[in-house]
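Below: one structure, written as structure tokens.
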């Protein structure tokens, strides 16, 4: 499932980095920490992979 906003995509990228051992999980905050705990590396990869072009920084609720 691709990210719905640039902020969600950035959080997924941070969580993915920690899953891969590139950064310390203790450095994660907020959504990134939650994603790290609840999602697999493949799920995070799918969410972080797409282009940010055309995405709002934060997804507004309708």
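Nothing in this text is a laboratory measurement; each read-out follows from the coordinates by a stated rule. Remember, predicted model here, so these are calculated numbers, not experimental data. Methodologically, a virtual Cβ is constructed for each residue, glycine included, from the backbone with ideal geometry; neighbour enumeration extends over all protein chains shown.
What is the number of the single condition among (1) part of a helix (DSSP H, G or I); (2) in contact (Cβ under 8 Å) with a residue 12 or more places away in the chain that residue 3 does not meet?
(1)
Please enumerate the residues belonging to the stretch 20-53 that are part of a helix (DSSP H, G or I) and either surrounded by 17 or more Cβ atoms within 10 Å (Cβ to Cβ) or within 8 Å of the chain's Cα centre (by Cα) (or both). Please lay out each step first, then the result.
Within the stretch 20-53, the first condition is being part of a helix (DSSP H, G or I), and the residues that meet it are 25-27, 30-38, 41-49.
Result: 31, 32, 33, 35, 36, 44, 47, 48.
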